[in-house]
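Each remark here refers to the structure printed beneath this line.
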């Protein structure tokens, strides 16, 4: 769970220090206090969301919205559930084992769906050039072109000169 | 420092939540930036919760099992 979440946050562009999962049993009040104090210090150092990451409000909102969409999408839920089942079957709960499986099964999906959601949301605001898309999503050219092509195949977007725009419904 | 972070914490009812309780009873001092959500088990937590937390403006998310 933590690994998958971390990978999503990484693609959103957030510092992974902002999310921490830790353990303290009921009898470990001092340890608990230490965890909470440490974590608060870390966040204080990082500043408000987006500051240490160098992300503006608008971009942050765009990306988190895409992440939200991704996390509730049935394709992601299914992949996530299958991965959990696979882990249980294999009985391999080492951090490396989990991480490599997440890398293999979830990361491509996360990357693609996040980018697609971002592109769709940007396009819904009107025509945009590919450079703007690249700048706002932080993706590479090779990643974004197949997505635009797939969307245009579905008839959702079209290219007009240098600009991409949502296709009018006839 | 002027910045007061908003931290959302998900605590397990049986572990961290109880630890927080006993920390209070023992009068340990700790920062007041946490907003705690108690869950019956850390296994209840889903990636969606964490993302939603950041989306609605948390500066950090702590999961305590």
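Every number here is computed from the coordinates shown, using simple stated rules; none is lab data. Treat the numbers as computed from the prediction; the structure is a model and nothing was measured. With ideal geometry, Cβ positions are generated from the backbone for all residues, glycine too; neighbour counts draw on all protein chains shown.
Per-residue ellipticity at 222 nm computed for chain A from its helices equals -21000 deg cm²/dmol, with DSSP H segments shorter than 4 residues left out and the rest contributing -39,500 (n - 2.57).
For the stretch B:7-57, calculate the relative contact order in percent as a whole number, restricting contacts to Cα pairs under 8 Å that are 6 or more residues apart. It would help to have the intermediate numbers written out before the result.
Details: 36 pairs, mean separation 27.1, N = 51.
It rounds to 53 percent for the stretch B:7-57.
Calculated [222 nm] ellipticity per residue, helices only, for chain B: -8500 deg cm²/dmol; basis is -39500 (n - 2.57) per DSSP H run with n ≥ 4, divided by all residues, nearest 500.
Peptide B:14-21 has a mean shielding of 6, counted as Cβ atoms of other protein chains within 10 Å of each residue's Cβ.
Contour minus end-to-end for residue A:100 and residue A:22, with contour as 0.36 nm per residue of separation and end-to-end as the Cα-Cα distance? It would help to have the intermediate numbers written out before the result.
On the way: separation 78, 0.36 × 78 = 28.08 nm, distance 2.13 nm.
Net length gain for the segment: 25.9 nm.
Just the number, please: percent antiparallel of the DSSP beta bridges in the protein assembly as shown, rounded to the nearest 5. In the protein assembly as shown, DSSP labels about 30 percent of beta bridges as antiparallel.
At a Förster radius of 35 Å, what calculated FRET efficiency corresponds to the Cβ-Cβ distance of residue A:129 and residue A:84, to the nearest 0.05? Write out the running numbers ahead of the final one.
On the way: r = 41 Å, r/R0 = 1.17.
With a Förster radius of 35 Å, E is 0.30.
Counting only other chain Cβ atoms within 10 Å of each residue's Cβ, the peptide A:50-63 averages 1.
Placing dummy labels 7 Å off each Cα toward the beta-carbon, the span from residue A:120 to residue B:4 is 3.9 nm. On a C-alpha basis, how far is the centre of the stretch B:18-38 from the centre of the stretch A:70-121 in Å? Whole number, if you could? Centre-to-centre (Cα) distance: 34 Å.
Sort A:96, A:118 by Cβ crowding within 10 Å, fewest neighbours at the top.
On the way: A:96 8, A:118 27.
Ordered by Cβ neighbours within 10 Å, fewest first: A:96, A:118.
With a Förster radius of 45 Å applied to the C-beta separation of residue B:25 and residue A:140, the computed FRET efficiency comes to 0.25. Among A:48-60, A:15-27, sorting by the average number of other beta carbon atoms lying within 10 angstrom of each residue, highest first, gives A:15-27, A:48-60. Neighbour counting of Cβ atoms within 10 Å sorts the residues A:61, A:44, A:154, fewest neighbours leading, into A:154, A:61, A:44. Only Cα pairs under 8 Å and 6+ residues apart enter the sum, and on that basis the relative contact order of chain A stands at 19 percent.
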